[in-house]
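The values are calculated or read from the model by the stated rules, or taken from the named source; none is laboratory data. Source: prediction; values computed, not measured. As a convention, Cβ positions derive from the backbone with ideal geometry for all residues, glycine included, and neighbour counts pool all protein chains shown.
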Amino acid sequence: MIGAGEEAILSVTDASAGYGDVTLWSRLNLEVHPGEIIAVLGANGTGKSTLFRAILGQLPLRTGTIRFLGEAAHKGDRRIGYIPQQHLFRKGTPIRGRDLVRLGVDGTRIGHPFATAATRAAVDALIEQVGATAYADRPIGELSGGEQQRLRVAQALTGEPRLLICDEPYSSLDVRHQDDITKLIVRRRDTAGTPALFITHDINPILPYVDRVLYLAAGKHRLGTVGEVLNTATLSELFGSPAQVVHVGEQVFIVGTPDHHHDAAASTLARGRQP
Amino acid sequence: MIGIVPADWWTSVVNFQDYAELFALLKNSVLAAGVVGFVGGLIGVFIMQRDMAFAVHGISEMSFSGAAAAILFGANVVAGSVVGALVAAIAIGVLGAKARDRNSIIGVLMPFGLGLGILFLALYPGRSANKFGLLTGQIVAVDDPQLGWLAVIGVFVVVALFVLWRPLTFDSVDPEVAEARGIPTRLLSIVFMILLGLVVAASVQIIGALLVLALLVTPAAAALQVSSHPLIVPALSVAFGLTAAVGGTLLALGGTLPISPYITTISFLIYVICRTLSRQKARRSAVGRTS
């Protein structure tokens, strides 16, 4: 998957981030190449979302640089497709499914708010692409989590993104819908070579497609293939406490993550925003 | 039943005698109500999207205290209420970016503003016809300069909302992606609070500080009961706001009661009707799905 000769889409070099006295991660080096799918794992508060915010140019690094397509990462780069941490739209939110997608197309522009023919065509094409045509005209708050998330993928695919970053795209989705969302992102990878970064508590929905794993824990991190990172020795060393990686069928579970000693499945960790 | 109610009670509620003359005399009130109904209905859509009904109430109390200060010091009442509303709106916008902070800041500001306003009015030596009209709505005519102020505010806010419509919608319903896409969300929310402050200040003149929500929140809430369409919701909300404000004012002209109860009642009835319609629709579609 890693095209050795190909230029990296995203280069994180010697980067550290934190707040106050807390160092979330330091000396992080990550190169994302075309076609790569990378899972970003770690307990709450280890700085996964902070990394995404830094890539989106919303947060300064303490040290190091982040370059995207050869430029310093900056705010509002429309070549990054972003799927935010999923929270369902309230019932009564005054937009329809297609309006959410449209916000991705022309939502940042000022001027008269009426959609042009070009905008409408672009929105239709995006909705079609994720197979959401049947329910795109219904109020967003009345759609299921899976339907809302499909439309979020459509929104993120606006304008041919060169990188997708997905923050917990699976929370509150059942297995079938997790799979649907994964396939949409993998299809984008296959057709356009767009690499994707996933923040997730549960690697299993994307396990068959993951090229590398970045595991963050208490100021440290490990980066490598699934086999290199998700093994008992590496994670025990990373956590500084005994951890065990258990393979059940085709799924992988981590027992003994630092903030979750009692539960066998790291995938069921509480979900919350990073500081 | 009729016998129990004195005849003059009813004529104080509705009385269409000499209506043409009255209308000519109170034309400004009707126009002012139209301005406030239109702008209130329009900005109400964003108030609902941004979940700011409570903020509207807080701003209107501060607007009242500004207007009361203007009466005490002999300044322009509209200017006073604009200043009060803007101070409150900007304070809420700057200090209360998060919903939880915002509500506590509003809860702190609101009684302070109301208390200040009552103090100013108590200190005012003269008799003022519209003293408590600022709280509960006007019964006197709107004069030409006042109408001019309201019109300027109305046009400014409508144009600003029109131009900023898409980024405001984006920031209101989907703030995380909006920020990632480069919308200056902080700046935009301050701009929105300024527009909101202006509309609140204008509405206080007509319907009174305590009842501003009837024109800024109820029409949009009613519209959202029956539609989610991005054009139909604002259109309905404006239509409802206009109906309540202008209809209420027209009904009030003949009687001796203030304008406010007419406006609030019409606004409330529209909401009840929309809610009933939406429930019926939900029931029908539920039946359709099971059969």
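Every test in (1) more than 7 Å from chain B (Cβ to nearest Cβ); (2) in a loop (DSSP other than H, G, I, E, B); (3) without any contact (Cβ under 8 Å) to a residue 40 or more places away in the chain is passed by A:L126 save one, and that test is (2).
Restricting attention to strands (runs of 3 or more DSSP E) lying wholly within segment A:209-258, give those where 1 or more residues are surrounded by fewer than 15 Cβ atoms within 10 Å (Cβ to Cβ). Of the strands (runs of 3 or more DSSP E) lying wholly inside segment A:209-258, those with at least 1 residues that are surrounded by fewer than 15 Cβ atoms within 10 Å (Cβ to Cβ) span A:220-224, A:244-248, A:251-255. With the checklist (1) of a type in the set (V, I, T); (2) in contact (Cβ under 8 Å) with a residue 60 or more places away in the chain; (3) in contact with a Cys (Cβ under 9 Å, 6 or more places away or on another chain) in hand, flag the one item B:V199 doesn't pass. All conditions pass for B:V199, except number (3). Residues considered: A:A15, A:A43, A:A118. Of these, the only one that is over 30 Å from A:T133 (Cα atoms) and at pLDDT 90 or above is A:A15. In this structure, B:S260 does satisfy being of a type in the set (S, T, N, Q) and touching a residue at least 60 places away in the same chain (Cβ under 8 Å). The test for being away from chain B (no Cβ under 14 Å) and surrounded by fewer than 22 Cβ atoms within 10 Å (Cβ to Cβ) does not hold for A:Y170. Condition check for B:A222 on (1) more than 27 Å from B:F156 (Cβ to Cβ); (2) in contact with a Cys (Cβ under 7 Å, 6 or more places away or on another chain); (3) not β-branched (V, I, T): one failure, at (1). When we screen A:I127, A:I165, A:I181, A:I140 for residues that are of a type in the set (V, I, T) and in contact with a Pro (Cβ under 6 Å, 6 or more places away or on another chain), the only hit is A:I181. Note on segment A:1-12: residues that are at pLDDT 65 or above and small (G, A, S) total 2. For segment A:34-91, the tally of residues that are part of a loop (DSSP other than H, G, I, E, B) and on the phi < 0 side of the Ramachandran plot stands at 25. The condition (being buried (at least 16 other Cβ atoms within 10 Å of the Cβ) and more than 24 Å from A:D99 (Cβ to Cβ)) is satisfied by just one residue among B:L164, B:L134: B:L134.
Residue by residue, here is whether (1) within 14 Å of chain A (Cβ to nearest Cβ); (2) surrounded by fewer than 24 Cβ atoms within 10 Å (Cβ to Cβ); (3) modelled with pLDDT under 90 holds:
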position: B:A180; (1), (2), (3): yes, no, no
position: B:L187; (1), (2), (3): yes, yes, no
position: B:I206; (1), (2), (3): no, no, yes
position: B:A209; (1), (2), (3): no, no, yes
position: B:L213; (1), (2), (3): no, yes, no
position: B:V217; (1), (2), (3): yes, yes, no
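Condition check for B:E179 on (1) more than 25 Å from A:I83 (Cβ to Cβ); (2) in contact with a helix residue (DSSP H, G or I) (Cβ under 6 Å, 6 or more places away or on another chain): one failure, at (1).
Screening B:S81 against (1) more than 16 Å from the chain's Cα centre (by Cα); (2) modelled with pLDDT of 90 or more; (3) among the polar types (S, T, N, Q) leaves a single unmet condition, (1).
Within segment A:85-114, the set of residues being buried (at least 19 other Cβ atoms within 10 Å of the Cβ), under 21 Å from B:A235 (Cβ atoms) and either more than 9 Å from chain B (Cβ to nearest Cβ) or not charged (D, E, K, R) (or both) comprises A:T93, A:P94, A:I95, A:G97, A:R98, A:L100, A:L103, A:G107, A:P113.
The requirement of being without any contact (Cβ under 8 Å) to a residue 40 or more places away in the chain and more than 11 Å from the chain's Cα centre (by Cα) is not satisfied by A:R212.
All of A:I95, A:I83, A:I110 fail the test of being among the aliphatic types (A, V, I, L, M), over 17 Å from A:I165 (Cα atoms) and out of contact with any Gly (no Cβ under 9 Å at 6 or more places or on another chain), apart from A:I110. Listed by position, the helices (runs of 4 or more DSSP H) inside segment B:5-106 whose residues that are touching a residue at least 40 places away in the same chain (Cβ under 8 Å) and buried (at least 22 other Cβ atoms within 10 Å of the Cβ) number at least 2 are B:27-49, B:53-72, B:77-95. Does A:A72 satisfy the condition of being under 26 Å from B:H229 (Cβ atoms), out of contact with any helix residue (DSSP H, G or I) (no Cβ under 7 Å at 6 or more places or on another chain) and away from chain B (no Cβ under 14 Å)? No.
Summed over segment A:157-188, the residues that are farther than 13 Å from A:I37 by Cα and in a strand (DSSP E or B) give a count of 1.
In the set (1) surrounded by fewer than 22 Cβ atoms within 10 Å (Cβ to Cβ); (2) among the small types (G, A, S); (3) within 14 Å of another protein chain (Cβ to nearest Cβ); (4) touching a residue at least 12 places away in the same chain (Cβ under 8 Å), the condition left unmet by B:S172 is number (1). Across segment A:51-69, the qualifying residues are those that are away from chain B (no Cβ under 14 Å) and in contact with a Gly (Cβ under 9 Å, 6 or more places away or on another chain), and the one among them that is farthest from A:G219 (Cα to Cα) is A:I66.
Of the residues making up segment A:133-147, none is within 12 Å of chain B (Cβ to nearest Cβ), assigned to a loop (DSSP other than H, G, I, E, B) and in contact (Cβ under 8 Å) with a residue 60 or more places away in the chain.
Rundown of residues vs (1) farther than 28 Å from A:A115 by Cβ; (2) of a type in the set (K, R), yes/no style:
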| residue | (1), (2) |
| --- | --- |
| B:L231 | no, no |
| B:L242 | no, no |
| B:L250 | yes, no |
| B:T265 | yes, no |
| B:K281 | no, yes |
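Inspect segment A:139-149 for any residue being within 14 Å of the chain's Cα centre (by Cα) and within 20 Å of A:I38 (Cα to Cα) and give the result as yes or no. Yes, there is a match, as at least one residue in segment A:139-149 is within 14 Å of the chain's Cα centre (by Cα) and within 20 Å of A:I38 (Cα to Cα).
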